[in-house]
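These notes concern the structure reproduced below.
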(Lines give C-alpha, C1' and ligand atoms only; values in the text may rest on other atoms or scores of the structure.)
Protein backbone atom coordinates (compact mmCIF):
# COMPACT_ATOMS: atom_id res chain seq x y z
CA UNK A 1 0.00 0.00 0.00
CA UNK A 2 2.81 2.40 0.91
CA UNK A 3 4.68 1.56 -2.29
CA UNK A 4 1.51 2.25 -4.31
CA UNK A 5 1.01 5.59 -2.55
CA UNK A 6 4.68 6.52 -2.94
CA UNK A 7 4.70 5.72 -6.65
CA UNK A 8 1.88 8.17 -7.17
CA UNK A 9 2.71 10.93 -4.69
CA UNK A 10 6.30 10.53 -3.53
CA UNK A 11 5.15 11.24 0.03
CA UNK A 12 6.81 8.18 1.57
CA UNK A 13 10.18 8.93 -0.01
CA UNK A 14 10.01 12.60 0.99
CA UNK A 15 9.14 11.61 4.57
CA UNK A 16 12.06 9.20 4.77
CA UNK A 17 14.46 11.83 3.43
CA UNK A 18 13.14 14.36 5.90
CA UNK A 19 13.41 12.07 8.93
CA UNK A 20 16.86 10.70 8.07
CA UNK A 21 18.59 13.92 7.02
CA UNK A 22 21.63 15.12 8.92
CA UNK A 23 21.31 17.84 11.56
CA UNK A 24 24.39 20.14 11.62
CA UNK A 25 26.12 19.77 14.97
CA UNK A 26 23.75 17.00 16.02
CA UNK A 27 20.39 17.23 17.78
CA UNK A 28 20.04 20.27 20.04
CA UNK A 29 17.41 22.08 22.04
CA UNK A 30 18.54 25.24 20.24
CA UNK A 31 16.62 23.94 17.21
CA UNK A 32 13.22 23.50 18.91
CA UNK A 33 11.83 27.05 18.59
CA UNK A 34 10.58 26.59 15.04
CA UNK A 35 8.75 23.34 15.80
CA UNK A 36 7.29 24.75 19.04
CA UNK A 37 6.03 27.82 17.12
CA UNK A 38 4.41 25.57 14.52
CA UNK A 39 2.73 23.59 17.30
CA UNK A 40 1.43 26.78 18.93
CA UNK A 41 0.04 27.90 15.57
CA UNK A 42 -1.84 24.61 15.20
CA UNK A 43 -3.29 25.05 18.71
CA UNK A 44 -4.46 28.55 17.75
CA UNK A 45 -6.06 27.44 14.50
CA UNK A 46 -7.91 24.51 16.10
CA UNK A 47 -9.19 26.46 19.13
CA UNK A 48 -10.02 29.47 16.96
CA UNK A 49 -12.16 27.40 14.62
CA UNK A 50 -14.22 26.02 17.50
CA UNK A 51 -14.59 29.46 19.12
CA UNK A 52 -16.24 30.78 15.95
CA UNK A 53 -19.06 28.31 16.64
CA UNK A 54 -20.02 30.36 19.72
CA UNK A 55 -18.96 33.92 18.93
CA UNK A 56 -21.31 36.46 17.31
CA UNK A 57 -19.45 39.43 15.74
CA UNK A 58 -21.50 42.59 16.26
CA UNK A 59 -21.66 45.39 18.80
CA UNK A 60 -24.98 43.99 19.94
CA UNK A 61 -23.82 40.41 20.45
CA UNK A 62 -19.99 40.26 20.75
CA UNK A 63 -19.82 40.83 24.51
CA UNK A 64 -22.93 38.77 25.17
CA UNK A 65 -21.62 35.78 23.20
CA UNK A 66 -18.24 36.08 24.94
CA UNK A 67 -19.99 36.13 28.31
CA UNK A 68 -21.89 32.99 27.30
CA UNK A 69 -18.54 31.37 26.46
CA UNK A 70 -17.28 32.29 29.94
CA UNK A 71 -20.35 30.84 31.63
CA UNK A 72 -19.79 27.40 30.08
CA UNK A 73 -16.75 25.67 31.64
CA UNK A 74 -15.77 23.86 28.44
CA UNK A 75 -15.95 26.84 26.09
CA UNK A 76 -14.32 29.00 28.79
CA UNK A 77 -11.36 26.61 28.84
CA UNK A 78 -11.26 26.67 25.05
CA UNK A 79 -11.14 30.47 25.03
CA UNK A 80 -8.49 30.51 27.77
CA UNK A 81 -6.29 28.11 25.77
CA UNK A 82 -6.69 30.35 22.71
CA UNK A 83 -5.85 33.45 24.76
CA UNK A 84 -2.66 32.04 26.28
CA UNK A 85 -1.79 30.24 23.05
CA UNK A 86 -1.57 33.60 21.29
CA UNK A 87 0.92 34.86 23.88
CA UNK A 88 2.91 31.64 23.58
CA UNK A 89 3.01 31.89 19.79
CA UNK A 90 4.16 35.52 19.81
CA UNK A 91 6.85 34.74 22.38
CA UNK A 92 8.06 31.69 20.44
CA UNK A 93 8.20 33.53 17.10
CA UNK A 94 10.23 36.27 18.79
CA UNK A 95 12.59 33.75 20.43
CA UNK A 96 13.00 31.89 17.13
CA UNK A 97 13.96 35.13 15.37
CA UNK A 98 16.24 36.14 18.24
CA UNK A 99 18.06 32.79 18.17
CA UNK A 100 18.43 33.13 14.38
CA UNK A 101 19.88 36.62 14.85
CA UNK A 102 22.30 35.57 17.60
CA UNK A 103 23.59 32.68 15.51
CA UNK A 104 23.86 34.84 12.39
CA UNK A 105 21.63 32.45 10.44
CA UNK A 106 20.23 35.40 8.47
CA UNK A 107 23.40 35.66 6.39
CA UNK A 108 23.77 34.37 2.83
CA UNK A 109 22.08 32.31 1.48
CA UNK A 110 19.29 32.68 4.04
CA UNK A 111 18.34 36.36 3.57
CA UNK A 112 14.86 35.64 2.15
CA UNK A 113 14.22 33.08 4.88
CA UNK A 114 14.99 35.77 7.49
CA UNK A 115 12.69 38.31 5.81
CA UNK A 116 9.84 35.79 5.79
CA UNK A 117 10.47 35.19 9.51
CA UNK A 118 10.24 38.92 10.26
CA UNK A 119 6.92 39.10 8.43
CA UNK A 120 5.74 36.06 10.40
CA UNK A 121 6.34 38.00 13.63
CA UNK A 122 4.52 41.02 12.20
CA UNK A 123 1.48 38.95 11.13
CA UNK A 124 1.41 37.22 14.53
CA UNK A 125 1.31 40.63 16.23
CA UNK A 126 -1.54 41.72 13.93
CA UNK A 127 -3.42 38.56 14.90
CA UNK A 128 -2.97 39.49 18.56
CA UNK A 129 -4.12 43.06 17.91
CA UNK A 130 -7.25 42.09 15.97
CA UNK A 131 -8.21 39.36 18.43
CA UNK A 132 -7.90 41.72 21.40
CA UNK A 133 -10.95 43.73 20.31
CA UNK A 134 -13.34 40.83 19.76
CA UNK A 135 -14.66 40.40 23.35
CA UNK A 136 -15.93 44.01 23.06
CA UNK A 137 -15.44 44.72 26.74
CA UNK A 138 -14.16 47.97 28.20
CA UNK A 139 -10.50 47.05 28.00
CA UNK A 140 -10.79 45.68 24.46
CA UNK A 141 -12.64 48.77 23.25
CA UNK A 142 -10.37 51.46 24.68
CA UNK A 143 -7.06 49.66 24.08
CA UNK A 144 -8.08 49.08 20.45
CA UNK A 145 -9.18 52.70 20.20
CA UNK A 146 -5.63 53.76 21.08
CA UNK A 147 -4.25 51.46 18.36
CA UNK A 148 -6.69 52.84 15.78
CA UNK A 149 -5.85 56.41 16.76
CA UNK A 150 -2.16 55.62 16.28
CA UNK A 151 -2.92 54.35 12.78
CA UNK A 152 -4.98 57.46 12.13
CA UNK A 153 -2.11 59.75 13.15
CA UNK A 154 -0.02 58.69 10.15
CA UNK A 155 0.44 61.56 7.69
CA UNK A 156 -1.63 61.67 4.50
CA UNK A 157 -3.15 58.16 4.50
CA UNK A 158 -3.63 57.80 8.28
CA UNK A 159 -7.26 59.00 8.54
CA UNK A 160 -8.25 56.84 5.57
CA UNK A 161 -6.55 53.77 7.06
CA UNK A 162 -8.30 54.36 10.39
CA UNK A 163 -11.67 54.83 8.69
CA UNK A 164 -11.26 51.59 6.73
CA UNK A 165 -10.06 49.65 9.78
CA UNK A 166 -12.92 50.74 12.02
CA UNK A 167 -15.54 50.80 9.30
CA UNK A 168 -16.45 54.48 9.51
CA UNK A 169 -15.94 57.46 11.75
CA UNK A 170 -16.46 55.59 15.03
CA UNK A 171 -15.96 52.12 16.45
CA UNK A 172 -18.96 49.82 16.31
CA UNK A 173 -20.31 46.73 14.58
CA UNK A 174 -18.37 47.49 11.40
CA UNK A 175 -15.15 47.61 13.42
CA UNK A 176 -15.84 44.22 14.97
CA UNK A 177 -16.68 42.73 11.57
CA UNK A 178 -13.47 44.04 10.03
CA UNK A 179 -11.30 42.86 12.93
CA UNK A 180 -13.10 39.51 12.95
CA UNK A 181 -12.48 39.05 9.22
CA UNK A 182 -8.83 39.95 9.62
CA UNK A 183 -8.40 37.74 12.67
CA UNK A 184 -10.27 34.67 11.42
CA UNK A 185 -9.69 34.67 7.66
CA UNK A 186 -7.15 37.04 6.11
CA UNK A 187 -4.31 36.99 8.66
CA UNK A 188 -4.44 33.20 9.25
CA UNK A 189 -4.35 32.64 5.47
CA UNK A 190 -1.32 34.92 5.16
CA UNK A 191 0.26 33.24 8.18
CA UNK A 192 -0.13 29.73 6.76
CA UNK A 193 1.24 30.89 3.40
CA UNK A 194 4.28 32.46 5.08
CA UNK A 195 4.88 29.36 7.21
CA UNK A 196 4.76 27.19 4.08
CA UNK A 197 7.18 29.54 2.33
CA UNK A 198 9.47 29.59 5.36
CA UNK A 199 9.56 25.78 5.54
CA UNK A 200 10.14 25.43 1.78
CA UNK A 201 13.09 27.82 1.90
CA UNK A 202 14.41 26.06 4.99
CA UNK A 203 14.26 22.71 3.17
CA UNK A 204 16.16 24.26 0.27
CA UNK A 205 18.91 25.88 2.36
CA UNK A 206 19.08 23.38 5.21
CA UNK A 207 19.82 24.22 8.83
CA UNK A 208 22.56 26.77 9.43
CA UNK A 209 23.88 24.94 12.45
CA UNK A 210 25.74 26.43 15.42
CA UNK A 211 28.27 29.23 15.10
CA UNK A 212 31.69 27.84 14.18
CA UNK A 213 34.72 28.88 12.16
CA UNK A 214 34.87 25.48 10.46
CA UNK A 215 31.48 23.90 9.68
CA UNK A 216 33.18 20.77 8.39
CA UNK A 217 34.20 19.87 11.95
CA UNK A 218 30.62 19.77 13.21
CA UNK A 219 29.46 16.32 14.18
CA UNK A 220 26.58 14.88 12.20
CA UNK A 221 23.23 13.88 13.67
CA UNK A 222 19.86 12.60 12.48
CA UNK A 223 16.54 14.36 12.76
CA UNK A 224 14.88 11.08 13.73
CA UNK A 225 14.70 10.13 16.52
CA UNK A 226 16.88 12.55 18.53
CA UNK A 227 15.79 15.95 17.20
CA UNK A 228 12.20 14.79 16.80
CA UNK A 229 12.15 13.80 20.46
CA UNK A 230 13.46 17.21 21.55
CA UNK A 231 10.97 19.05 19.35
CA UNK A 232 8.11 16.93 20.70
CA UNK A 233 9.22 17.30 24.31
CA UNK A 234 9.40 21.10 24.13
CA UNK A 235 6.08 21.33 22.25
CA UNK A 236 4.50 19.19 24.96
CA UNK A 237 6.00 21.48 27.61
CA UNK A 238 4.54 24.50 25.79
CA UNK A 239 1.13 22.82 25.79
CA UNK A 240 1.36 22.08 29.54
CA UNK A 241 2.26 25.72 30.26
CA UNK A 242 -0.65 26.97 28.12
CA UNK A 243 -3.05 24.57 29.85
CA UNK A 244 -1.82 25.55 33.33
CA UNK A 245 -2.27 29.25 32.57
CA UNK A 246 -5.67 28.61 30.97
CA UNK A 247 -6.88 26.77 34.07
CA UNK A 248 -5.33 28.84 36.85
CA UNK A 249 -5.14 32.29 35.20
CA UNK A 250 -8.01 32.60 32.69
CA UNK A 251 -8.34 35.96 30.89
CA UNK A 252 -10.50 38.61 32.54
CA UNK A 253 -13.71 39.71 30.84
CA UNK A 254 -14.49 43.31 31.72
CA UNK A 255 -17.90 44.97 31.57
CA UNK A 256 -19.38 45.58 28.14
CA UNK A 257 -17.83 48.42 26.16
CA UNK A 258 -19.30 51.82 26.95
CA UNK A 259 -17.93 54.45 24.52
CA UNK A 260 -19.21 57.27 26.77
CA UNK A 261 -16.96 56.27 29.68
CA UNK A 262 -14.19 58.87 29.79
CA UNK A 263 -12.36 57.62 32.88
CA UNK A 264 -11.57 54.00 31.99
CA UNK A 265 -7.85 53.16 31.85
CA UNK A 266 -7.15 50.45 29.21
CA UNK A 267 -4.51 47.79 29.73
CA UNK A 268 -2.93 46.69 26.42
CA UNK A 269 -1.62 43.22 25.66
CA UNK A 270 1.86 42.62 27.09
CA UNK A 271 3.48 42.60 23.64
CA UNK A 272 2.35 46.22 23.06
CA UNK A 273 3.27 47.53 26.50
CA UNK A 274 6.63 48.88 25.30
CA UNK A 275 4.89 51.03 22.67
CA UNK A 276 2.46 52.37 25.29
CA UNK A 277 5.42 53.05 27.57
CA UNK A 278 7.22 55.01 24.86
CA UNK A 279 4.08 57.06 24.15
CA UNK A 280 3.71 57.88 27.85
CA UNK A 281 7.40 58.73 28.20
CA UNK A 282 7.71 61.36 25.49
CA UNK A 283 5.96 64.76 25.55
CA UNK A 284 3.25 65.27 22.91
CA UNK A 285 5.39 67.64 20.88
CA UNK A 286 8.54 69.74 20.93
CA UNK A 287 9.46 72.97 19.16
CA UNK A 288 12.96 73.29 17.71
CA UNK A 289 14.00 76.47 15.87
CA UNK A 290 10.36 77.40 15.45
CA UNK A 291 9.44 74.02 14.00
CA UNK A 292 6.94 71.93 15.97
CA UNK A 293 7.62 68.20 15.89
CA UNK A 294 5.03 65.68 17.10
CA UNK A 295 6.98 63.33 19.35
CA UNK A 296 3.88 61.18 19.77
CA UNK A 297 3.91 60.58 16.01
CA UNK A 298 7.62 59.78 16.15
CA UNK A 299 7.14 57.35 19.05
CA UNK A 300 4.03 55.68 17.64
CA UNK A 301 5.00 55.31 13.99
CA UNK A 302 8.56 56.39 13.16
CA UNK A 303 10.37 54.33 15.82
CA UNK A 304 8.47 51.05 15.07
CA UNK A 305 8.90 51.65 11.32
CA UNK A 306 12.66 52.18 11.69
CA UNK A 307 13.00 49.02 13.79
CA UNK A 308 11.01 47.02 11.21
CA UNK A 309 13.07 48.33 8.28
CA UNK A 310 16.30 47.66 10.18
CA UNK A 311 15.17 44.09 10.92
CA UNK A 312 14.29 43.45 7.26
CA UNK A 313 17.59 44.93 6.08
CA UNK A 314 19.71 43.17 8.72
CA UNK A 315 21.35 40.67 6.28
CA UNK A 316 22.70 43.63 4.33
CA UNK A 317 23.43 45.91 7.30
CA UNK A 318 25.69 43.20 8.73
CA UNK A 319 28.91 43.59 6.72
CA UNK A 320 30.84 40.86 8.52
CA UNK A 321 32.14 37.98 6.42
CA UNK A 322 31.56 35.25 9.01
CA UNK A 323 28.91 34.27 11.55
CA UNK A 324 31.30 34.42 14.50
CA UNK A 325 30.15 36.35 17.56
CA UNK A 326 33.28 38.52 17.56
CA UNK A 327 32.80 39.71 13.98
CA UNK A 328 29.15 40.61 14.71
CA UNK A 329 29.69 42.26 18.09
CA UNK A 330 28.07 45.52 16.96
CA UNK A 331 24.88 43.77 15.83
CA UNK A 332 24.67 41.70 19.01
CA UNK A 333 25.24 44.63 21.37
CA UNK A 334 22.67 46.75 19.51
CA UNK A 335 20.15 43.91 19.79
CA UNK A 336 20.85 43.58 23.52
CA UNK A 337 20.30 47.31 24.10
CA UNK A 338 17.03 47.28 22.13
CA UNK A 339 15.70 44.30 24.10
CA UNK A 340 16.64 45.91 27.43
CA UNK A 341 14.88 49.13 26.31
CA UNK A 342 11.73 47.21 25.29
CA UNK A 343 11.59 45.40 28.63
CA UNK A 344 12.19 48.64 30.58
CA UNK A 345 9.48 50.48 28.63
CA UNK A 346 7.07 47.60 29.27
CA UNK A 347 7.64 47.78 33.04
CA UNK A 348 7.33 51.57 32.89
CA UNK A 349 4.00 51.32 31.05
CA UNK A 350 2.71 48.67 33.44
CA UNK A 351 3.60 50.79 36.47
CA UNK A 352 1.89 53.85 34.97
CA UNK A 353 -1.28 51.95 34.11
CA UNK A 354 -1.48 50.32 37.54
CA UNK A 355 -1.01 53.73 39.19
CA UNK A 356 -3.87 55.22 37.15
CA UNK A 357 -6.10 52.24 37.90
CA UNK A 358 -5.38 52.50 41.64
CA UNK A 359 -6.40 56.17 41.58
CA UNK A 360 -9.76 55.37 40.00
CA UNK A 361 -12.81 53.55 41.35
CA UNK A 362 -12.35 49.87 42.21
CA UNK A 363 -13.20 47.49 39.41
CA UNK A 364 -15.83 44.78 39.65
CA UNK A 365 -14.83 41.20 40.23
CA UNK A 366 -15.14 38.70 37.39
CA UNK A 367 -17.92 36.89 39.22
CA UNK A 368 -19.90 40.12 39.65
CA UNK A 369 -19.57 41.04 35.96
CA UNK A 370 -20.63 37.61 34.76
CA UNK A 371 -23.49 37.43 37.26
CA UNK A 372 -24.83 40.87 36.39
CA UNK A 373 -24.53 40.44 32.63
CA UNK A 374 -25.40 43.17 30.17
CA UNK A 375 -28.31 44.67 32.13
CA UNK A 376 -25.80 45.92 34.71
CA UNK A 377 -24.58 48.45 32.18
CA UNK A 378 -27.97 50.03 31.90
CA UNK A 379 -28.45 50.17 35.63
CA UNK A 380 -25.00 51.67 36.13
CA UNK A 381 -25.92 54.54 33.84
CA UNK A 382 -28.54 55.80 36.19
CA UNK A 383 -31.49 54.53 34.20
CA UNK A 384 -32.52 51.39 36.04
CA UNK A 385 -35.79 50.10 34.71
CA UNK A 386 -38.88 49.49 36.72
CA UNK A 387 -39.64 45.82 37.36
CA UNK A 388 -42.44 45.88 34.79
CA UNK A 389 -39.95 46.91 32.10
CA UNK A 390 -36.89 44.90 33.11
CA UNK A 391 -36.82 43.29 29.67
CA UNK A 392 -36.57 46.71 28.03
CA UNK A 393 -33.47 47.51 30.08
CA UNK A 394 -31.98 44.13 29.21
CA UNK A 395 -32.60 44.56 25.48
CA UNK A 396 -31.19 48.11 25.61
CA UNK A 397 -28.02 47.00 27.39
CA UNK A 398 -27.48 44.16 24.93
CA UNK A 399 -28.22 46.04 21.71
CA UNK A 400 -28.14 49.81 22.22
CA UNK A 401 -25.80 50.75 25.08
CA UNK A 402 -22.58 50.04 23.17
CA UNK A 403 -23.38 52.92 20.77
CA UNK A 404 -25.71 55.25 22.67
CA UNK A 405 -24.16 54.73 26.11
CA UNK A 406 -25.47 53.06 29.22
CA UNK A 407 -27.24 56.28 30.25
CA UNK A 408 -28.27 57.30 26.72
CA UNK A 409 -25.70 60.12 26.43
CA UNK A 410 -24.69 59.16 22.89
CA UNK A 411 -21.33 59.72 21.18
CA UNK A 412 -20.59 63.18 19.70
CA UNK A 413 -20.68 63.15 15.92
CA UNK A 414 -21.61 59.47 15.79
CA UNK A 415 -24.66 58.39 17.78
CA UNK A 416 -27.29 60.84 19.07
CA UNK A 417 -28.27 61.02 22.74
CA UNK A 418 -31.47 59.20 23.60
CA UNK A 419 -31.97 60.76 27.01
CA UNK A 420 -33.62 64.17 26.74
CA UNK A 421 -34.20 63.72 23.01
CA UNK A 422 -37.46 65.26 21.78
CA UNK A 423 -37.60 62.87 18.82
CA UNK A 424 -37.45 59.89 21.17
CA UNK A 425 -40.18 61.20 23.46
CA UNK A 426 -42.34 62.49 20.58
CA UNK A 427 -44.29 60.44 18.03
CA UNK A 428 -43.92 56.77 19.09
CA UNK A 429 -44.47 55.64 15.49
CA UNK A 430 -41.33 57.48 14.38
CA UNK A 431 -39.22 55.85 17.09
CA UNK A 432 -40.64 52.41 16.26
CA UNK A 433 -39.76 53.01 12.60
CA UNK A 434 -36.17 53.91 13.43
CA UNK A 435 -35.71 50.79 15.56
CA UNK A 436 -37.42 48.49 13.06
CA UNK A 437 -35.85 49.85 9.87
CA UNK A 438 -32.58 51.26 11.17
CA UNK A 439 -30.81 54.38 9.89
CA UNK A 440 -28.19 54.58 7.15
CA UNK A 441 -28.13 58.35 6.64
CA UNK A 442 -26.94 61.17 8.91
CA UNK A 443 -29.49 62.43 11.42
CA UNK A 444 -29.77 65.92 12.91
CA UNK A 445 -30.80 66.32 16.56
CA UNK A 446 -31.02 69.76 18.18
CA UNK A 447 -28.89 71.25 15.40
CA UNK A 448 -26.15 68.61 15.70
CA UNK A 449 -25.51 66.05 12.98
CA UNK A 450 -24.67 62.43 13.78
CA UNK A 451 -23.15 60.10 11.18
CA UNK A 452 -23.22 56.70 12.90
CA UNK A 453 -25.25 53.96 11.28
CA UNK A 454 -27.93 51.99 13.09
CA UNK A 455 -28.85 48.42 12.11
CA UNK A 456 -32.42 47.39 11.42
CA UNK A 457 -33.63 45.31 14.36
CA UNK A 458 -36.59 43.76 12.55
CA UNK A 459 -35.95 40.03 12.41
CA UNK A 460 -33.27 40.22 15.10
CA UNK A 461 -35.59 41.26 17.92
CA UNK A 462 -39.16 40.13 18.51
CA UNK A 463 -42.01 42.64 18.40
CA UNK A 464 -42.28 42.36 22.18
CA UNK A 465 -38.57 43.10 22.63
CA UNK A 466 -38.83 46.14 20.35
CA UNK A 467 -41.87 47.38 22.25
CA UNK A 468 -40.09 46.90 25.58
CA UNK A 469 -36.87 48.63 24.53
CA UNK A 470 -38.73 51.58 22.97
CA UNK A 471 -40.81 51.87 26.13
CA UNK A 472 -37.66 51.80 28.25
CA UNK A 473 -35.97 54.47 26.11
CA UNK A 474 -39.04 56.71 26.10
CA UNK A 475 -39.93 56.38 29.76
CA UNK A 476 -37.01 54.97 31.75
CA UNK A 477 -33.85 56.52 30.28
CA UNK A 478 -32.60 59.67 31.97
CA UNK A 479 -35.32 62.35 32.17
CA UNK A 480 -37.53 60.71 29.52
CA UNK A 481 -41.13 60.26 30.73
CA UNK A 482 -43.06 59.53 27.53
CA UNK A 483 -45.82 56.94 27.16
CA UNK A 484 -45.22 53.21 26.72
CA UNK A 485 -45.34 51.34 23.41
CA UNK A 486 -47.26 48.10 22.93
CA UNK A 487 -46.45 44.99 20.93
CA UNK A 488 -49.53 45.66 18.81
CA UNK A 489 -48.14 49.07 17.79
CA UNK A 490 -44.89 47.46 16.69
CA UNK A 491 -46.65 44.67 14.80
CA UNK A 492 -48.92 47.19 13.09
CA UNK A 493 -46.10 49.51 12.03
CA UNK A 494 -45.96 50.30 8.31
CA UNK A 495 -43.32 52.49 6.65
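In the range 89-117, what residues are over 21 Å from residue 209 (Cβ atoms) and surrounded by fewer than 21 Cβ atoms within 10 Å (Cβ to Cβ)?
90, 91, 94, listed by residue number.
Quick test for you: out of 338, 353, pick the one residue that is more than 30 Å from residue 258 (Cα to Cα), under 26 Å from the mean Cα position of the chain (by Cα) and at pLDDT 85 or above. Break it down into steps so the answer makes sense when it comes.
Values: 353 fails: more than 30 Å from residue 258 (Cα to Cα).
None of the other options fit; the residue is 338.
Looking at 490, 469, 436, which one is assigned to a helix (DSSP H, G or I) and farther than 23 Å from residue 411 by Cβ?
490
Yes/no matrix, rows are residues, columns are (1) under 22 Å from residue 294 (Cβ atoms); (2) crowded, with 21+ Cβ neighbours inside 10 Å:
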residue: 124; (1), (2): no, yes
residue: 127; (1), (2): no, yes
residue: 145; (1), (2): yes, no
residue: 157; (1), (2): yes, no
residue: 175; (1), (2): no, yes
residue: 181; (1), (2): no, no
residue: 184; (1), (2): no, no
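Specify which of the listed residues (269, 257) is touching a residue at least 40 places away in the same chain (Cβ under 8 Å) and either over 28 Å from residue 38 (Cα atoms) or surrounded by fewer than 17 Cβ atoms within 10 Å (Cβ to Cβ) (or both).
Answer to the check: 257.
Can residue 235 be described as closer than 21 Å to residue 45 by Cα and at pLDDT 95 or above?
yes
Return the pair list, or none, for Cβ contacts closer than 7 Å from residues in the range 224-240 that are outside the structural domain of residue 33 (by TED's automatic domain parsing) to residues that are surrounded by 14 or more Cβ atoms within 10 Å (Cβ to Cβ) and not in a helix (DSSP H, G or I), at least 6 apart or on different chains.
none
Cβ-Cβ distance below 8 Å, separation of 6 or more or different chains: which pairs start in the range 106-117 with a residue that is closer than 15 Å to residue 96 by Cα and end on one that is outside any helix (DSSP H, G or I)?
What qualifies is 106/318; 110/208; 113/106; 114/105; 114/106.
Of the residues that sit in the range 423-461 and are within 14 Å of residue 474 (Cα to Cα) and without any contact (Cβ under 8 Å) to a residue 24 or more places away in the chain, which one is surrounded by the most Cβ atoms within 10 Å (Cβ to Cβ)?
434
Which residues, counting only those in the range 241-286, are assigned to a helix (DSSP H, G or I) and not assigned by TED's automatic domain parsing to the domain that holds residue 29?
Hits for the range 241-286 are 270, 271, 272, 273, 274, 275, 276, 277, 278, 279, 280, 281.
Of the residues 452, 413, which single one is at pLDDT below 80 and touching a strand residue (DSSP E or B) at 6+ places or on another chain (Cβ under 6 Å)? Let's see the steps before the verdict.
Values: 413 fails: touching a strand residue (DSSP E or B) at 6+ places or on another chain (Cβ under 6 Å).
Exactly one residue qualifies, and that residue is 452.
Quick grid of which residues meet (1) touching a helix residue (DSSP H, G or I) at 6+ places or on another chain (Cβ under 6 Å); (2) more than 30 Å from residue 397 (Cα to Cα):
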| residue | (1), (2) |
| --- | --- |
| 254 | yes, no |
| 260 | no, no |
| 264 | yes, no |
| 276 | yes, yes |
| 284 | yes, yes |
| 293 | no, yes |
| 302 | no, yes |
| 306 | no, yes |
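Considering each of 151, 189 in turn, give the residue that is within 24 Å of residue 403 (Cα to Cα) and either in contact with a strand residue (DSSP E or B) (Cβ under 7 Å, 6 or more places away or on another chain) or in a helix (DSSP H, G or I) (or both).
Result: 151 is the single residue among 151, 189 that is within 24 Å of residue 403 (Cα to Cα) and either in contact with a strand residue (DSSP E or B) (Cβ under 7 Å, 6 or more places away or on another chain) or in a helix (DSSP H, G or I) (or both).
Tell me the residue from 52, 37 that is touching a helix residue (DSSP H, G or I) at 6+ places or on another chain (Cβ under 7 Å), at pLDDT 95 or above and either exposed (fewer than 15 other Cβ atoms within 10 Å of the Cβ) or not assigned by TED's automatic domain parsing to the domain that holds residue 102 (or both), please.
Sole residue among the options that is touching a helix residue (DSSP H, G or I) at 6+ places or on another chain (Cβ under 7 Å), at pLDDT 95 or above and either exposed (fewer than 15 other Cβ atoms within 10 Å of the Cβ) or not assigned by TED's automatic domain parsing to the domain that holds residue 102 (or both): 52.
Mind telling me which of the residues 74, 29, 70 ends up being loosely packed, with under 13 Cβ neighbours inside 10 Å and in contact (Cβ under 8 Å) with a residue 24 or more places away in the chain?
Residue meeting the stated conditions: 29.
Determine whether the range 477-486 contains at least one residue that is buried (at least 18 other Cβ atoms within 10 Å of the Cβ), closer than 25 Å to residue 57 by Cα and touching a residue at least 12 places away in the same chain (Cβ under 8 Å).
Within the range 477-486, none of the residues are buried (at least 18 other Cβ atoms within 10 Å of the Cβ), closer than 25 Å to residue 57 by Cα and touching a residue at least 12 places away in the same chain (Cβ under 8 Å).
Assess whether residue 125 counts as being under 11 Å from the mean Cα position of the chain (by Cα), closer than 19 Å to residue 36 by Cα and in a helix (DSSP H, G or I). Write out each step before concluding.
Numbers: under 11 Å from the mean Cα position of the chain (by Cα): yes; closer than 19 Å to residue 36 by Cα: yes; in a helix (DSSP H, G or I): yes.
The answer is yes for residue 125.
The values are calculated or read from the model by the stated rules, or taken from the named source; none is laboratory data. All of these numbers come straight from a predicted model, not from anything done at the bench. Methodologically, a virtual Cβ is constructed for each residue, glycine included, from the backbone with ideal geometry; neighbour enumeration extends over all protein chains shown.
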